[in-house]
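Reading through the structure tokens given below for one structure.
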Protein chains: 2
Amino acid sequence: MNLHDLKSVCGNCTIRELCLPAGLSDEEVHLLDQHMDHRQVVPKGDYLYRVGDPFRSLFAVSSGFFKTVLLHEDGRGQITGFQMMGELLGLEAIHSDHHVCDAIALEDSAVCAISFDQFEQLGQIMVNLQHRFNKDLSREIVREHNVMMLLGSMRSEERLANFLIDLADRHAHRHQSSVEMTLRMTREDIGSYLGLKLETVSRLLSRFHDEGLLEVRGRRVKILDRNALALRRTETHN
Amino acid sequence: MNLHDLKSVCGNCTIRELCLPAGLSDEEVHLLDQHMDHRQVVPKGDYLYRVGDPFRSLFAVSSGFFKTVLLHEDGRGQITGFQMMGELLGLEAIHSDHHVCDAIALEDSAVCAISFDQFEQLGQIMVNLQHRFNKDLSREIVREHNVMMLLGSMRSEERLANFLIDLADRHAHRHQSSVEMTLRMTREDIGSYLGLKLETVSRLLSRFHDEGLLEVRGRRVKILDRNALALRRTETHN
DNA sequence: CGATTGGTTGAGCCCATTCAACGAATGTGG
DNA sequence: CCACATTCGTTGAATGGGCTCAACCAATCG
């Protein structure tokens, strides 16, 4: 079965409750389905969109893993987020009708594209959908607030502990193990997201490993002592 | 004339084009007015809302200046933004129906409150309003992306230069001088927002002053060489 | 008036960076 | 298949940018 350019159908999607249609009735989901665009495969390393691309669709991650990268004129880049299944990509583009960051697949992935024009029309006749979407946008704002807190007032160790716990929680929410995980991103990616250098990330992982909090073998990470790790998220972990 | 609990009227508001009704037709603004809530004065130092407060209304800054503060359990706080006239407060609360940060007036201010329930209903019958609101939410996401870039990959000098230029631009957009400004916030506030300590902010302002980029006298700041200052925003300002 | 808040400046320190060497894993072309 | 290049990760040593601690000043306020 070729997933390329297949019509998306939320109705029988396994991650329906993680994704945009969460909380909608069957009839509403059916209506949404009629306005869904295509399903699209994105091989590892490929761009889903780039800075400057015209904004036509939102994307819901159906499977796989993405990063979004904000490019600075002088070459520096900042990773603004990692997206897993059920999460939306492209929200930043609504404002200017153009994408303002790159979205790159970190493993073979698939997304459901939703024409934003049609989506807005649908929102006009479906109160629940519009309400859910407002909440999704607001949640993204809250998430970024928390990243600002992390970048603005935490030490390196706290940043990484927060990152790992957050990742574990998101896995758990998707009924995946929150103890053993494979990191989809490089040490440099983690560093970019956390405002650290890759060497610092590597050292911190080694430290957590030595202290018995984690078992780290390359990109395989096993959380051995979640409580202790959670304490490291704050300054006062005496 | 007492501004307290007066009905808001966008129709004849001087900052209409900076605010939520920007781009709407006269009829549409009239419709919006009928659903606007009250106008509210917030004296300097007062909280507009606090963490945990139930979310009922969005607020549009009518006059004055606010900061939003995210509190961490261990006492640390992070300023997530400064809001001037025409900008919206409370977007973060849509997700959980509760405010997740504090909003504090940095000078005597006034806001227009908009019941969010009524606002969502109005969005159902006014496509333009809903579209504008989606863009506002998206713009906030983009703004926070830029702060993440600033916090994650810029040196202290670049952070402050960016901050000052941004502030100047926002003043200009409101037809206020973008050369001479009075900072509404303390050095500590600036530091919190930029992920720096207050002493560092003070030293940087002195440095810019010594180098002839700025004239700094307390909270009065005059930009003497905007081009040179703008160059300091990036690493490669040879 | 003393008390408090906000701001400046100096001296020393420390955490994360920089620079560097090395190892492991993967892929590629002859 | 091996030789080689490339990417990714780890670890060490030295550096430095921003922090901490501290003293001091100015303005405001009760």
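None of the figures in this text is laboratory data; all of them are computed from the coordinates on show. The structure presented is a predicted model; accordingly, all values stated were derived computationally and were not measured. Please note: Cβ atoms are built from the backbone with ideal geometry, for glycine as well, and neighbour counts cover all protein chains shown.
Side notes on the structure shown:
- Rounded FRET efficiency, nearest 0.05, which uses the C-beta distance separating B:Asn146 from B:Ser96 and R0 of 35 Å: 0.90
- For B:Tyr49, the residues whose amide H sits under 5 Å from its own are B:Ala103, ignoring neighbours fewer than 5 places away on the same chain, with H placed 1.01 Å from N.
- Per residue, the convex hull volume that the Cα atoms of the range A:1-142 enclose (Å³): 107 Å³
- Net charge over other residues, Cβ less than 14 angstrom from the Cβ of A:Met181 (K, R count +1; D, E count -1): +3
- Residue-by-residue Karplus 3J(HN,Hα) for the range B:62-76, coefficients 6.51, -1.76, 1.60, Hz, glycine and proline x: 8, 7, x, 7, 10, 10, 10, 10, 9, 9, 9, 3, 7, x, 5
- Approximate spin-label separation B:Leu198-A:Arg76, in nm, with each point projected 7 Å along Cα-to-Cβ: 2.6 nm
- Under a 5 Å amide H cut-off, with hydrogens placed 1.01 Å from N, A:Leu214 pairs with A:His209, A:Leu224 among residues at least 5 apart or on other chains.
- Database remark: amide H of B:Cys13 closer than 5 angstrom to no amide H (H placed geometrically; neighbours at sequence offset of 5 or more, or on other chains; Pro and chain starts carry no H).
- Under 13 Å, Cβ to Cβ, from B:Gly191 - net charge with Lys/Arg +1 and Asp/Glu -1: +3
- Cross-link reach is defined here as a Cα-Cα straight distance under 18 Å, omitting same-chain residues fewer than 8 places apart; for B:Lys67 the lysines meeting it are B:Lys44, B:Lys197.
- Exposed trypsin sites (Lys or Arg not before Pro) absent - longest run of chain B, DSSP non-H/G/I/E/B, at most 14 other C-beta within 10 Å: B:51-154
- Working note: Karplus 6.51/-1.76/1.60 with θ = phi - 60° gives the range A:13-25 the couplings 7, 6, 9, 3, 7, 8, 10, 3, x, 3, x, 7, 6 Hz, where Gly and Pro are set to x.
- In this structure, B:Ser206 and A:Asp108 have a Cβ-Cβ separation that, at R0 = 51 Å, corresponds to a calculated FRET efficiency of about 0.45.
- Ordering B:Cys19, A:Cys112 by the number of other Cβ atoms within 10 Å of each residue's own Cβ, fewest first, gives B:Cys19, A:Cys112.
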